[in-house]
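Below is one structure, written out as structure tokens; comments come after it.
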Amino acid sequence: MGEARKPNRLINARSPYLRRHAYNPVDWYPWGEEAFRKAREEDKPIFLSIGYLACHWCSVMERESFSDEEIAKILNRHFVPVKVDREEHPHVDEYYMRAVQLMTGTGGWPLTVFLTPDLKPFYGGTYFPKEPRYGLPSFRQVLEAVVQAWKTRREQVLAEAERIDRAVRESFAQWSRQERVEPSRRPIEAAFDQLVMLFDDEYGGFGYAPKFPNPGYLTLLLRHHHLTGDAVALRMFRKTLDAMARGGIMDQVGGGFHRYAVDRAWRIPHFEKMLYDNALLIQVYSEAYAVTGDPEYAETVRLTVDFLRRELRSRCGAFCSSLDAESEGVEGLFYTWTYDEIVSAFGGGVGERVAAFFGATVSGNFEGGRNVLFRAGRPEELASALGISPEEAIRVVRRRLLELREARVRPERDEKVIASWNGLAVSALVSAAVHLGERSYLELAVEVLEGATSALYEGGRVWRYWLDGRGDVEGRLEDYAALGNAALDAFSVTAKDRYLDLALRILDAVSERFVSQDGRLLSSPCDETGPHSGLQEDYEGVLPSGATLTFLLAAKAFHATGEERAYKLSERALATCGRIEDEPLAFPFLVANLPLLGRDSRELFVAFESGDPFEHVRAAISSFQPYTVIVPVDRRSLPEPLRNVAQDKVVVQPGPTYYLCEGFSCRMPTNDPGLVAKMLSERG
């Protein structure tokens, strides 16, 4: 037997992704001054590798290259190798991803970047194979070329690094001019026109392959339909949701969505499961159910919430960040099936009908003759085979397959509890509770909020993540604002003072920690130093930006309290994204929510002295109302922040009493929730 390999310094890292590399022969450093000092003292370039635990190609590169002794010798001799978890240091990932995108026109993970000792990028890419393939050079060839360039063309390399660093900063700065943005419908209309051009009429979604869910685009479509009644927007929205819910991108057995599909038809996914994707899609499908009443959307929500509850709960009560794409070193092994496995699970003719329903064949549609399950048949076909209703037939089949799958080796879970992703999950669960009338979702939302707050909020500051009993790394703007939003959303249906207080304390912390001296809203704390400090977000991808989340928190807080400081922060967040009227799809979540401060916005004060605030709200909100801010007013103990706007919102017995207002100018109060629902539906 060979000698056991000794661990490198990543054995002491907190990140599970970094610890995965602890037994590589590569002499890894975590991101920090120790690595930077070594690079300066030894005059070596830094080899920077950025990834995350659930990333399939990150795992492939770790096995192929970072475990290879010869590759390790080159890295250790000629570079200072640095490994970064993008979820731990998103600002580092954001900066160097932009650099690679400017250099190559593409980006992704693993992110591979070569830096000067002063941290300026001069060459990069994403995944490089061990041997030349896919039209890519081998990783060894790349390393040898960089070593040669550093030795023989140093001045040219340094000049290139200066040029790229300047280009990255200029690309961020182009959005940094402060412009007043009118919170109107116009950017939504402009964004919709662009989405029509991007829409895939055959399979739904936007573009071709790979295909991402794009919850920001879906949010835009539904709000455009809400404001205008545009049937085309609703058709695009529903076609995409139907295709995803029936495709392989959704786990047809255990619920929840994989990160994206590699094909145009949504059938073959990349198998990692991220908390943020599932949180945002719970919100989208909940809203879809509120608009359409389609039970398939409600069932998709239920399956996804069940997945979160079953597979991502942390011991602190909040949610862990992700599940790996691989198990036993094989991508998708946990989630895929052979034809025989399905047939034998049900026996004979019934098994064949189940296999046909899920599109499974003997030859398979995935690697190794295995099948990614998708909805290829009609539920009625299953029902006739099992002799029960279509809805029950699907549940019975899923339950049986899930029982069998639970015996398999599970994908690794990243145990990090990330503030912003948990904030998104709480807000989504509150939305699902209201739209589906599921009290258990509200109870889960409160448990997650309590767990996240206990783990991540300390002394007025928000940690980026919690792991192994403690928080670490101060949060970014998105972490503060998402947690504040979660608290405000929880307050809207529980009337618990402490949630309103938490939201307003976080709002103040955002103003104190993230607004620069020249009035810009930064993505990282103002006192942060280093080459990646002082930057603003200039677009949002799958996730809503920190600026968008700040706008939502501040706008809703203003409607709830009337406080000027909240209104000013909402305007500052808008000004940060001053070019959205020119490029509305750069910030789809923000554009979709702009009317929250415009003439389409309203406040609904729900005054009560007894009973359940959740039921009081549910009685009146029977339709989709994205621009109506719910403010519960418990007359037994009126919170101080509500006194300016709610002191006169009294209960007309027997209560509860509803006050529908526009700009705090209110209609006559009523105790009739049906009348409130009618008034809410009068205008988009």
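So the values come out like this:
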{"quantity": "The chain: relative contact order as a whole-number percent, Cα under 8 Å and 6+ apart", "calculated": "11 percent"}
{"quantity": "Net charge of Cβ neighbours under 14 Å - reference Val430; Lys, Arg +1; Asp, Glu -1", "calculated": "-2"}
{"quantity": "Contour excess over end-to-end distance, with Cα ends at Tyr134 and Val650 and 0.36 nm allotted per residue", "calculated": "178.9 nm"}
{"quantity": "Distant-in-sequence amide H partners of Ile630 (H built 1.01 Å from N, under 5 Å)", "calculated": "Leu604"}
{"quantity": "Cα shape, the stretch 557-640, gyration tensor, a/c 1.5 rule", "calculated": "oblate"}
{"quantity": "J(HN,Hα) series, the stretch 628-645, from Karplus relation 6.51 cos²θ - 1.76 cosθ + 1.60, nearest Hz, glycine and proline x", "calculated": "10, 9, 8, 10, x, 10, 7, 5, 6, 7, 6, x, 3, x, 8, 5, 4, 10"}
{"quantity": "Kirkwood hydrodynamic radius over Cα pairs of the stretch 474-593, then Stokes diffusion coefficient at 37 °C and 0.692 mPa s, in µm²/s", "calculated": "229 µm²/s"}
{"quantity": "Sorted by Cβ neighbour density within 10 Å, fewest at the top, the residues Ser344, Ser665, Ser570", "calculated": "Ser665, Ser344, Ser570"}
{"quantity": "Candidates per trypsin sites (Lys or Arg not before Pro) in the stretch 544-599, loop by DSSP, up to 14 other Cβ within 10 Å", "calculated": "Arg599"}
{"quantity": "Sequence-separation-based contact order of the stretch 78-126, relative, with Cα cut under 8 Å and 6+ spacing, percent", "calculated": "27 percent"}
{"quantity": "Order of Met244, Met97, Met236 - criterion: other Cβ atoms within 10 Å of each residue's Cβ, fewest first", "calculated": "Met97, Met244, Met236"}
{"quantity": "Ranked list, fewest to most other Cβ atoms within 10 Å of each Cβ, for His435, His270", "calculated": "His270, His435"}
{"quantity": "Helical contribution to [θ] at 222 nm, DSSP H n ≥ 4, -39,500 (n - 2.57), averaged over the chain, rounded to 500", "calculated": "-15000 deg cm²/dmol"}
{"quantity": "Cut-off 17 Å, label 7 Å out along Cα→Cβ of Asp527, residues of the stretch 432-466 by amide N", "calculated": "458-464"}
{"quantity": "Protection-proxy order for peptides 120-128, 413-421, each taking the mean of Cβ atoms within 10 Å per residue, highest first", "calculated": "413-421, 120-128"}
{"quantity": "Long pairs among Lys120/Lys416; Lys6/Lys83; Lys83/Lys151, criterion Cα-Cα beyond 22 Å", "calculated": "Lys120/Lys416; Lys83/Lys151"}
{"quantity": "Per-pair calculated FRET efficiency, R0 = 51 Å: Ser516 and Arg9 via Cβ, rounded to 0.05", "calculated": "0.90"}
{"quantity": "Antiparallel DSSP beta bridges within the chain, percent to nearest 5", "calculated": "75 percent"}
{"quantity": "Gain upon complete extension [Ser184, Leu198; 0.36 nm per residue less C-alpha separation]", "calculated": "2.7 nm"}
{"quantity": "Three-way shape call for the stretch 9-173 based on the alpha-carbon gyration tensor, with the a/c threshold at 1.5", "calculated": "rounded"}
{"quantity": "Assigned charges on the beta-carbon of Lys, Arg, Asp, Glu; the chain dipole about Cα centre (debye)", "calculated": "280 debye"}
{"quantity": "Cα-based shape type of the stretch 328-437, given that a ≥ b ≥ c are square roots of the gyration tensor eigenvalues and the cut on a/c is 1.5", "calculated": "oblate"}
{"quantity": "Theoretical FRET efficiency, 1/(1+(r/R0)^6), r = Cβ-Cβ of Val473 and Lys151, R0 45 Å, to 0.05", "calculated": "0.80"}
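Computed from the coordinates by the stated procedures, all read-outs in this text should not be read as laboratory data. Just so we're clear, the structure is a prediction, and the values are computed from it rather than from any experiment. With ideal geometry, Cβ positions are generated from the backbone for all residues, glycine too; neighbour counts draw on all protein chains shown.
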